[in-house]
1. With (1) under 14 Å from the mean Cα position of the chain (by Cα); (2) over 14 Å from Val142 (Cα atoms) as the list, and Asp36 as the residue in question, which single condition is left unmet?
2. Ser74 - would you say it is near the ligand (Cβ under 10 Å from one of its atoms) and of a type in the set (S, T, N, Q)?
3. Does any residue in region 144-156 that is closer than 24 Å to Leu169 by Cβ come within less than 8 Å, Cβ to Cβ, of a residue that is away from the ligand (no atom under 12 Å from the Cβ) and of a type in the set (Phe, Trp, Tyr) six or more places away or on a different chain, and which pairs are these?
4. List the number of the failed condition for Arg168; all other conditions in (1) buried (at least 19 other Cβ atoms within 10 Å of the Cβ); (2) of a type in the set (Lys, Arg); (3) closer than 24 Å to Gly43 by Cα hold.
5. Among the residues of region 76-106, how many are more than 27 Å from Ala134 (Cβ to Cβ) and crowded, with 16+ Cβ neighbours inside 10 Å?
6. Looking only at residues that are more than 8 Å from the ligand (Cβ to nearest atom) and either farther than 13 Å from Leu151 by Cβ or among the β-branched types (Val, Ile, Thr) (or both) in region 1-27, which one is modelled with the lowest pLDDT?
7. Can you name every residue in region 22-43 that is touching a residue at least 24 places away in the same chain (Cβ under 8 Å) and either assigned to a helix (DSSP H, G or I) or buried (at least 17 other Cβ atoms within 10 Å of the Cβ) (or both)?
Amino acid sequence: MSGVVYYAAMSLDGYIAEADDTIEWLTGFEAVPPADGVETVEGGYDEFYEGIGALVTGSVTYEWVLGHIQRGGSWPYAGKPCWVLSSRELPQPDGGEVKVVNASVTDLYDEMIAAAGERRLWVLGGGNVASQFADAGLLGQVCVTIVPVVLGTGKPLFAHRLPGPPMRLTAALPRPSGMIELRYQVVT
Ligand SMILES: NC(=O)c1ccc[n+]([C@@H]2O[C@H](COP(=O)([O-])OP(=O)(O)OC[C@H]3O[C@@H](n4cnc5c(N)ncnc54)[C@H](OP(=O)(O)O)[C@@H]3O)[C@@H](O)[C@H]2O)c1
């Protein structure tokens, strides 16, 4: 399936990161199995990632990933081209196919979709970049995994109110961890 998907994890109150860009609430989340009677569905990230051909991200998210690498990780998207939107010069990761560009998502769209081929373009985030795709009418799907914690403040899933009608729910997938993935088709 081709197209553009924004796939992210969000706190119950709508944030993808704390105000200082930390995400320990996500990386350190310990499963809380759902109550009896809630039917859960296995799956999640690996299955999603298999269907991705290319990625695009904002510089704040990219710098978080680079920081993670410096703490002993490796570039997590090896083999898939990744566009990083920035007005600044940024370092390249070892083993990554990264293009740092200062351009609009509209101007980059054809190139990124061509690179994704038969697979999808993943808008990795954050809310700033996802909002640019939505504003330009280029976002096809939003897949958000709700993590059952409340942060009170932080970086939102989208940076501002989006144009267009409400999105259409296509799947609700409760996970054994106590998270739930919601899939929405963007309606234009
Ligand atoms: N929970 C999750 O699943 C998840 C997913 C993704 C991200 N996150 C978190 O979300 C936070 C970042 O989100 P964010 O919305 O604040 O930032 P972001 O979208 O990652 O980055 C925004 C920055 O990218 C650059 N940029 C964006 N569009 C551009 C364009 N068209 N041309 C040139 N430069 C452009 C600008 O910075 P410069 O020009 O100054 O470089 C802009 O300030 C991070 O904490 C990250 O860890 C969480």
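The values are calculated or read from the model by the stated rules, or taken from the named source; none is laboratory data. All figures in this text were calculated on a predicted structure; none of them were measured in a lab. Backbone-built Cβ (ideal geometry, glycine too); neighbour counts: all protein chains shown.
1. Only one criterion is unmet by Asp36, namely (1).
2. Here the answer is no, as Ser74 does not meet what is asked.
3. The qualifying pairs are Val144/Tyr184.
4. Looking at each condition in turn, Arg168 falls short on (1).
5. 1
6. By that ranking, first place goes to Met1.
7. Ile23, Trp25, Leu26, Pro34, listed by residue number.
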